[in-house]
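S.K.: Okay, here's the structure, questions in a sec.
The values are calculated or read from the model by the stated rules, or taken from the named source; none is laboratory data. Everything numeric in this text was worked out from a predicted model, so none of it was measured. Quick reminder, even Gly has a Cβ in these numbers, built from the backbone with ideal geometry, and neighbours come from all protein chains shown.
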Amino acid sequence: MYSILFRNAIFPVLEKWMGTTIKADLAFLEKSQWWKPEQLEEFQNKKLRALINHAYKNVPYYHRLFRKLGLKPEDIKTKEDLKKLPILTKDDIRRNLSELLAKNIPKSRYIVAHSSGSTGEPLKYYVDKRAYSIGWAQTFRCWSWAGYSLGDPYVKISLNPRTKISKKIQDLLFRCTYIYIRSVDKNSIDYYYRLMQNATIIRGYASAMYTIANLIKEYVDNPEFPRLRAVMTTGDTLFPHYRRLIESVFQCEVFDGYGGESTPIAFECNSHSGYHICDESVIVEVLREGEEVSDGELGEIVFTSLYNYAMPFIRYNIQDVGRPSVDSCSCGRGLSMLKSVEGRNTDIVVTPTGKFLIVHFFTWLFEYIEGVDQFQVIQKKIDELNIKIVRNNKFTEKDLQYIISQIRKEVGDCMNIDVEFVDSIPPTRSGKRRFVISKVPLSYAWRKVDE
């Protein structure tokens, strides 16, 4: 009953107060997801032309860039024309923040935001309320693929404490139970488990959900979630062993989502055959050395947000890597696909021969070694690899030799492998766990592959 009341009465009033258009955007997205790919591409190109025209006229950074390149807005007619423009980087944003803001957007429409800074470099940026609205509509559409409807109770697991009164009121109206992950431990897990009992979905970082699943498995007898339809993961990499444990403990499917800088980019549907790109609000390129990669090939993810007029992200390198797909999903949606999202471009080890090892290789390697509590792989130079290990009393010399031999098979003889035993491996300031940290740029591997 509340869900119906919320959708038809409470939510419209709430949107008027917030200045958003989420409900109308969601109604549009529920229809557009069934469009043919050609219709979606035509819509993208129309939105892109409007964005480019706006950026040229109202955003000093882009006006200056177009003049420097000898381009006019009419030179960017389709998403294929985007390659005429350079890639936007985090450093570009930091150096030109004020110049990237549109002069014709009222400050009341701006929402200030910060990235989590999983690589240690948080980023300040701005989103307008129109982009905020379509972003939440994309998220709610994904949740609906798992059976959620606006107004259904859900749980949000967060790395940040909830402090603003306005957000607490919003949680109350949305029937959102907010759980601060750093408050959850073996002594409090039973309390938080009870809070999850009435949830339709639970949303959280993949690593946070994995941590909670482990605590429930260890300290809660015969856990049950009678109303739970899905766990929605986001924010960091969903490793296969994360998915297996979460689905086993919560007794439901995991739906993974991917995005960045307040921009939803792609989501899984219940076919779980890849990620549906949010084509109506974002253009995604997967590049290697500035060129589009082939189907299934690893490349760096670059996106253009079609709705953020306050601070346009045009060809923004989010510093993640993934694999595109030309396949259509069996669900019948016309949305384009990513085959996989592999993590940060700084989560990949590059070998002297130009080979690269994604973070999944290392999580797979350490997953079944009982003597390892934590690990971290650090590459500062092309021919050096440092492996930090937090071991327990089950760790043996045989485990050590196995770890080195498996890595040696992949990296060859030209790399020094140093194993260091440590007491702990702290997470980043954002609370995320980084399994691999590489200071060697991917461009080294790209060049080696082409030689």
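S.K.: Among the residues of the stretch 185-202, how many are in a loop (DSSP other than H, G, I, E, B) and crowded, with 19+ Cβ neighbours inside 10 Å?
M.R.: Going through the stretch 185-202 one residue at a time, the tally reaches 3.
S.K.: With respect to Lys168, determine if the residue is over 11 Å from Ile157 (Cα atoms), assigned to a loop (DSSP other than H, G, I, E, B) and not small (Gly, Ala, Ser).
M.R.: No: the conditions fail for Lys168.
So that you can scan it fast, the table gives a plain yes or no per residue for (1) polar (S, T, N, Q); (2) surrounded by fewer than 17 Cβ atoms within 10 Å (Cβ to Cβ):
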| position | (1), (2) |
| --- | --- |
| Thr363 | yes, no |
| Lys398 | no, yes |
| Tyr402 | no, yes |
| Val411 | no, no |
| Phe421 | no, yes |
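S.K.: Considering each of Lys77, Lys124, Lys84, Lys103 in turn, give the residue that is among the charged types (D, E, K, R) and modelled with pLDDT under 95.
M.R.: Testing whether each residue is among the charged types (D, E, K, R) and modelled with pLDDT under 95 leaves just Lys124.
S.K.: Further question on the same structure: Within the stretch 274-291, which residues are part of a loop (DSSP other than H, G, I, E, B), buried (at least 21 other Cβ atoms within 10 Å of the Cβ) and of a type outside the set (Gly, Ala, Ser)?
M.R.: Cys278, Asp279, Glu280
S.K.: Which members of the stretch 227-273 meet the condition of being hydrophobic (A, V, I, L, M, F, W, C), in a strand (DSSP E or B) and either more than 25 Å from Leu306 (Cα to Cα) or not assigned by TED's automatic domain parsing to the domain that holds Pro153 (or both)?
M.R.: Within the stretch 227-273, Ala230, Val231, Val254 meet the criteria.
S.K.: When you go through Leu385, Leu400, Leu338, Leu365 one by one, which is the residue that is under 21 Å from Ile318 (Cα atoms) and in contact (Cβ under 8 Å) with a residue 12 or more places away in the chain?
M.R.: None of the others qualify; the one that does is Leu338.
S.K.: Here's something else I'd like to know. Among the residues of the stretch 216-253, what is the count of those that are under 25 Å from Phe366 (Cα atoms) and among the small types (Gly, Ala, Ser)?
M.R.: Matching residues across the stretch 216-253 total 2.
S.K.: Mind checking whether some residue in the stretch 207-217 is buried (at least 20 other Cβ atoms within 10 Å of the Cβ), in a strand (DSSP E or B), modelled with pLDDT under 95 and assigned by TED's automatic domain parsing to the domain that holds Val231?
M.R.: No, because not a single residue in the stretch 207-217 is buried (at least 20 other Cβ atoms within 10 Å of the Cβ), in a strand (DSSP E or B), modelled with pLDDT under 95 and assigned by TED's automatic domain parsing to the domain that holds Val231.
S.K.: Then there is this: How do the strands (runs of 3 or more DSSP E) wholly within the stretch 309-387 filter down when requiring 1 or more residues that are assigned by TED's automatic domain parsing to the domain that holds Ala50: which remain?
M.R.: 316-325, 337-344
S.K.: Further, regarding this structure: Of the residues Gly135, Gly151, which single one is on the phi > 0 side of the Ramachandran plot and in the same structural domain as Ser271 (by TED's automatic domain parsing)?
M.R.: Gly151
S.K.: To continue, here is another question. Does Asp91 qualify as being over 19 Å from Tyr309 (Cβ atoms), without any contact (Cβ under 8 Å) to a residue 40 or more places away in the chain and more than 24 Å from the chain's Cα centre (by Cα)?
M.R.: Taking the combined requirement at face value, the residue does not satisfy it.
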